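Please treat every number below as a calculation from the coordinates, not as lab data. Just so it is clear, the model here is predicted, and its values are computed rather than measured. With ideal geometry, Cβ positions are generated from the backbone for all residues, glycine too; neighbour counts draw on all protein chains shown.
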Amino acid sequence: MTIRVGVVTFPGSLDDRDAARAVKLAGAEPVALWHGDKDLHQVDAVILPGGFSYGDYLRCGAIARFSPVMETIIAGAHEGLPVLGICNGFQVLCESHLLPGALTRNDHLHFVCRDQRLRVENTSTAWTGDFAPAAEITIPLKNGEGGYVADEATLDELEAEGRVVFRYLDVNPNGSRRDIAGITNAAGNVVGLMPHPEHAVEALTGPTTDGLPFFTSVLKKLVA
Amino acid sequence: MARVVVDVMLKPEILDPQGQAVQRALPRLGFEGITDVRQGKRFELDLAGPVDEAAIARIREIAGTFLANTVIEDFEVRVEELADAPGAATGSAGDNAAEEGAVR
């Protein structure tokens, strides 16, 4: 049985093709999902890709969160459907309240585009099972509004429950509280991060292949 | 026709780098003495029907779920009397309708 991983395209999505390609390289079947279509076409997991959904008008991810496809994804996520939000996808997950907190404008106001070192701090989520504990990885980071914020109580709760999945190493590129690059929900099926694993799956095009385990992790989770 | 204005501001504890950039530019333009600038959004909603309690409640719902992200932003809803509306403008517009947004 081939595992089917859906990749949503919103108007303004940029990285949906790369995400689909990463899914394919990991050995699964990518399925294109459309923002206006509620039907998830029997996919086993969903990726919300990077880009500027609906032009990121109002706030990043704010309009995408109310799209027809998100209605089904939000319901599915509450029932355990694995969902990975990358960059704009992370912003959509926060706007949807599937993940706590919000992403705000980078503290230095510049758009960042760099290869970023991260530590994987939780390898029990649906999307990180193939990483060694405390693995240090390098994948691209590119955003203008990647500063992760939440109130102190929420940050403490995330830390206490091991829900900070990725933390920036060397530099904090955007002013994120506690160097947080990515988090998970309590169940571990919904993960969001600002850096881009789908751009680091092949030596030819990426700085590393450190992004590949994201996509193989979910396959193992689904066949287990 | 009636207009309802929704002002959305980042919560005081949330860093506002855009406002800071504006503030830092002021001395260059010769404006001294501005110690802080916070930048927000203003939405003007024109209503087909009357601005009654139900309409305000509905707009507060729109503001709290969509126009503002209450994780990082506060909002304020107020009624603006339009100059050309019949019987408009006795006193300042909608002081009594101003309310603070819900804090999560």
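Between A:Asp179, A:Asp18, A:Asp156, the Gaussian network model of chain A with springs among Cα atoms under 10 angstrom shows the greatest mean-square fluctuation at A:Asp156. In this simple spin-label approximation, A:Glu79 and A:Lys24 carry label points 7 Å from Cα along the Cα→Cβ vector, and these lie 3.0 nm apart. Pairwise Cα distances in region A:50-160 exceed 25 Å in 26 percent of cases.
How much FRET efficiency would the formula 1/(1 + (r/R0)^6) give for B:Leu47 and A:Asp115, where r is the Cβ-Cβ distance and R0 is 30 Å, rounded to 0.05?
On the way: r = 51 Å, r/R0 = 1.69.
FRET efficiency, B:Leu47 to A:Asp115: 0.05.
Any chance you could tell me what percent of the C-alpha pair distances in region B:1-52 go past 14 Å?
Values: 843 of 1326 pairs.
Cα-Cα pairs in region B:1-52 separated by more than 14 Å: 64 percent.
Cα centroids of region A:75-113 and region A:1-70: 13 Å apart.
For the protein assembly as shown, what is the calculated [θ] at 222 nm in deg cm²/dmol (nearest 500), taking -39500 (n - 2.57) for each run of four or more DSSP H residues and dividing by its residue count?
Working: 7 runs with 69 residues, N = 328.
Theoretical 222 nm ellipticity from helices: -6000 deg cm²/dmol.
Lysine pair count for the protein assembly as shown (Cα-Cα distance under 29 Å; residues 8 or more apart in sequence or on different chains): 11.
Over 35 Å apart: what share of the alpha carbon pairs of the protein assembly as shown falls there, rounded to a whole percent? Intermediate values should be presented prior to the final figure.
Values: 14706 of 53628 pairs.
Percent of Cα pairs beyond 35 Å in the protein assembly as shown: 27.
Can you work out the Karplus-derived ³J(HN,Hα) for every residue in region A:108-113? Use 6.51 cos²θ - 1.76 cosθ + 1.60 with θ = phi - 60°, whole Hz, and x for glycine or proline. Running phi through 6.51 cos²θ - 1.76 cosθ + 1.60 with θ = phi - 60° gives 8, 6, 8, 6, 9, 9 Hz.
Near the amide H of A:Val83, within less than 5 Å, lie the amide hydrogens of A:Val46, A:Val190, A:Val191, all on another chain or at least 5 residues away, with H placed in the peptide plane.
Can you put A:Arg114, A:Arg177 in order, fewest other beta carbons within 10 Å first? Let's see the in-between values first.
Working: A:Arg114 13, A:Arg177 18.
Ranked by crowding around the Cβ, least crowded first: A:Arg114, A:Arg177.
Ranked by how many other Cβ atoms sit within 10 Å of their own Cβ, fewest first, the residues A:Val120, B:Val51, A:Val223 fall in the order A:Val223, B:Val51, A:Val120. Beta bridges assigned by DSSP with both partners in the protein assembly as shown are antiparallel in approximately 70 percent of cases. With q set to 0.12, 0.13 Å⁻¹, the log10 of I(q)/I(0) for region A:69-224, from the Debye formula over equal scatterers at the Cα positions, is -0.45, -0.54. Centroid-to-centroid, using Cα positions, region B:3-22 and region B:52-79 are 15 Å apart.
Within the listed set A:Asp16, A:Asp151, A:Asp56, the residue fluctuating most in the Gaussian network model of chain A (springs between alpha-carbon atoms under 10 angstrom) is A:Asp151.
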